[in-house]
Amino acid sequence: MAVFAVHYTYVDDAERLATFRPEHRAHLAELHREGTLLLSGPLDDGSTALLVLVADSAEDALARLDGDPFTRERVIVERTAQEWTVVIGEIPGA
């Protein structure tokens, strides 16, 4: 298992984001409880987000997020995953 940084870019529709946010966060909380998702949260103005996961590959990291309601509802317009090598500090669960 490796650590991956996943970047989400959302649609420009605050009302749509708000509609599905509770279900989105509940799903991410479940991934966190199971140890897949280590950290997540919005960046800057909330139009993007950063998620840190453990997975076998970038493809696996994205596949683990396929059940996100934001994906189902097409609230995410772009998502990327990159392996992240942490050299200073520690991430809980990594």
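Structure values in brief
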read-out	value
Per principal axis, descending, Cα span of segment 30-83 in whole Å	29, 22, 21
Translational diffusion of the chain, µm² s⁻¹ [Kirkwood Rh, Cα pairs; Stokes-Einstein; 10 °C; 1.306 mPa s]	118 µm²/s
Whole-number percent relative contact order across the chain, with pairs defined as alpha carbons under 8 Å at least 6 apart	46 percent
Other-chain or far-sequence residues with amide H under 5 Å of residue 84's (modelled H)	3, 4, 5
Potential extension, residue 66-residue 7 segment - 0.36 nm per residue separation minus Cα distance	19.9 nm
Phi to ³J(HN,Hα) by Karplus 6.51 cos²θ - 1.76 cosθ + 1.60 over segment 23-29, Hz, x for Gly, Pro	5, 4, 5, 5, 5, 5, 4
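Values quoted throughout were computed directly from the atomic coordinates according to the rules given, and no laboratory measurement underlies them. Quantities reported herein were computed from a predicted structural model and do not represent experimental measurements.
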